[in-house]
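First comes the structure, then the notes that go with it.
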Amino acid sequence: MLLLHGEAVSEFVRAVSPGCLFRRWFGVSCPGCGGTRAFCALAKGDFAGALRCNFWWLPTAVVLFAEYGNWAAERLFPERNFPRWKKFRGRLLVAYAVFTVAYAVAKNIWCF
């Protein structure tokens with residue numbers, strides 16, 4: 001459905017996006033810079049273009065999908081504890097945070 005209206009979604013997102021507030025306030029790129037362009041490219045079905053704009057959407061999508069899965073599992077199976085998943089989830093979130101900071105620093109050093 002999103003791909004059918006990719007141009008309309010893309011134009012709407014560009015119209016309502018305030019731009020990068022992090023860049024405006026601090027003068028450096030954040031890890032999400034290019035994310036709006038990447039989303040618009042995804043809405044049009046251009047996966048390679050989305051990766052060129054900002055490839056950090058891919059690990060972010062994985063983490064968001066995992067978080068949604070965690071939320072759903074807690075709602076569907078409230079009596080289960082899932083200890084191995086909780087340990088993995090904690091490590092995933094820490095790794096994501098560390099790599100997000102590293103990506104932001106590298107993005108500003110090498111301007112990619």
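More than 16 Å apart: what percent of Cα pairs in the range 38-104 qualify?
On the way: 1273 of 2211 pairs.
Cα-Cα pairs in the range 38-104 separated by more than 16 Å: 58 percent.
Looking at the range 31-112, the accessible area is 69 square angstrom per residue; that uses a 1.4 Å probe and ignores ligands, DNA and RNA.
Only the Cβ atoms of Lys and Arg (+1) and of Asp and Glu (-1) were treated as charged; on that basis the dipole of the chain about its Cα centre amounts to roughly 400 debye. Dividing the summed -39500 (n - 2.57) terms of all DSSP H runs of n ≥ 4 by the residue count of the chain sets its mean residue ellipticity at 222 nm at -23000 deg cm²/dmol. Computed with a 1.4 Å probe over protein heavy atoms only, the accessible area of PHE39 comes to about 90 Å². Of the Cα atoms belonging to the chain, the radius of gyration and Dmax stand at 16.9, 48 Å. A dipole drawn for the chain from +1 and -1 charges on Cβ atoms has a positive end, and of ALA106, CYS53, CYS33 the residue lying farthest that way is ALA106.
The angle between the Cα long axis of helix 83-110 and the main principal axis of the chain comes to about 20°, on a 0 to 90 degree scale. Each label was represented as a point 7 Å from its Cα along the Cα-to-Cβ direction; for LEU93 and ALA72 these points are 2.0 nm apart.
Split the accessible area of the chain by element, probe 1.4 Å, and carbon with sulfur accounts for 70%. Note on LYS86: accessible area approximately 100 square angstrom, rounded to 10, probe 1.4 Å, nucleic acids and ligands left out. Electrostatic bookkeeping for ALA50 treats Lys and Arg as +1 and Asp and Glu as -1; over the other residues with beta carbon under 12 Å from its beta carbon, the sum is +2.
The values are calculated or read from the model by the stated rules, or taken from the named source; none is laboratory data. From a predicted model like this one, the values you see are computed outputs, not experimental measurements. Reconstructed Cβ throughout: ideal geometry from the backbone, glycine too, with neighbour counts over all protein chains shown. With ligands, DNA and RNA removed, areas are computed over all heavy atoms of the protein, side chains included. Shrake-Rupley method; radii C 1.70, N 1.55, O 1.52, S 1.80 Å.
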